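Encoded as structure tokens, the structure appears first; notes follow it.
Read the figures in this text as sums done on the coordinates, not as results from a lab. Here the structure is a predicted model, which means the values were calculated and not measured. Please note: Cβ atoms are built from the backbone with ideal geometry, for glycine as well, and neighbour counts cover all protein chains shown.
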Amino acid sequence: MNSSPVQPNDRVLFEGDSLTDGLKNNYGRQMGWDKTWAHRMDEWLFTHRPELNLECKNLAVGGNSTRNLLARVEASAAFKPTVVLFTIGTNDALIGLPLDEFRANLTAWCDRLQAAGCRTFIHVGGFPPCPNVDAETRAILERGQPYDAITKAVVEASGGFQIDVAPSLLPRAEALERKWSHHTVYSSGVHYNALGNELIAGAVLTHLGFWKP
């Protein structure tokens, strides 16, 4: 689609933390929690839009902060991405990384990838507390809000944008909870189960113009 920021022959990089990497332990694989929104988006584009001839790579690593992103930016730059979709900030919040350092790390990371040819940065963020969230996860999500806001500002300063998944994810999670009071979109902590990741992938694909709401 010409209106989408993802164009034919793009090199699409997925980067960030476990929200993009997935839970890679044996139980995570058995439950399908190792395939995140990014893997599902990659598969959908490969299956339904093969004419785009996209090359996608997922270099996200669970537990990563912006310090880690910046430390391994050369591996990301070597892919020569034209579009980067990423999640970040949760682990920065958990370790209490100063906001000024977070902003500096993220800015330097974007600058390096732009120098490698990145045309568009897309931050996937705005994750809301969904039904049946536990108190610890809610607190982590709330602690991450300042980092989310900084990421949005840095990405927009680099000519990119943020996809806020809340307007799509939350009402669907609430509708599922109304059908079954114990329903959850979570796997463990802030991570999402198979359906949660499917809903997030749908939100991203819709925002990018590939799906109609």
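Could you tell me the calculated FRET efficiency between V61 and A157, based on Cβ-Cβ distance and R0 = 25 angstrom, to the nearest 0.05?
Numbers: r = 25 Å, r/R0 = 1.00.
About 0.50, to the nearest 0.05.
You can think of it this way: the chain between L195 and R72 has 41.2 nm of extra reach, that is 0.36 nm per residue less the Cα-Cα gap.
Straight-distance candidates among the lysines for linking to K212, with alpha-carbon spacing under 26 Å and chain neighbours fewer than 8 residues away dropped: K35, K57, K152, K179.
Taking chymotrypsin sites (Phe, Trp or Tyr not before Pro) as exposed when DSSP calls them loop (any state but H, G, I, E, B) and at most 14 other Cβ atoms lie within 10 Å, what is the longest stretch of the chain free of them, the sites themselves excluded? All intermediate terms of the calculation are to be shown ahead of the outcome.
Values: sites that count: W180, W211.
With a cap of 14 other Cβ atoms within 10 Å, the longest stretch comes to 1-179.
Obtain the nm distance between the two label points defined at W180 and D100 by a simple spin-label model: each point lies 7 Å from its Cα along the Cα-to-C-beta direction. Label at W180, label at D100, 5.0 nm between them.
Give me the net charge for the shell around R103: Cβ to Cβ below 14 angstrom, other residues only, Lys and Arg +1, Asp and Glu -1. All intermediate terms of the calculation are to be shown ahead of the outcome.
Numbers: positive: R67, K152; negative: D92, D100, E101, D111, D148, E156.
My count for the surroundings of R103 gives -4.
Summing Lys and Arg as +1 and Asp and Glu as -1 over all other residues whose Cβ lies under 15 Å from the Cβ of V133 gives a net charge of -2. Would you work out the relative contact order for the range 11-207, in percent, from Cα pairs under 8 angstrom that are 6 or more residues apart? Rounded, it is 26 percent for the range 11-207.
Looking at the square roots a ≥ b ≥ c of the eigenvalues of the Cα gyration tensor of the chain, which shape do they give, rounded for a/c under 1.5, prolate if a/b is larger than b/c, or oblate? Please list the in-between numbers first.
Values: a/c = 1.62, a/b = 1.17, b/c = 1.38.
Oblate, because a/c is 1.5 or more while a/b does not exceed b/c.
Other residues within the sphere of radius under 10 Å centred on the Cβ of S76, judged by their own Cβ, net out at +2 (K and R +1, D and E -1).
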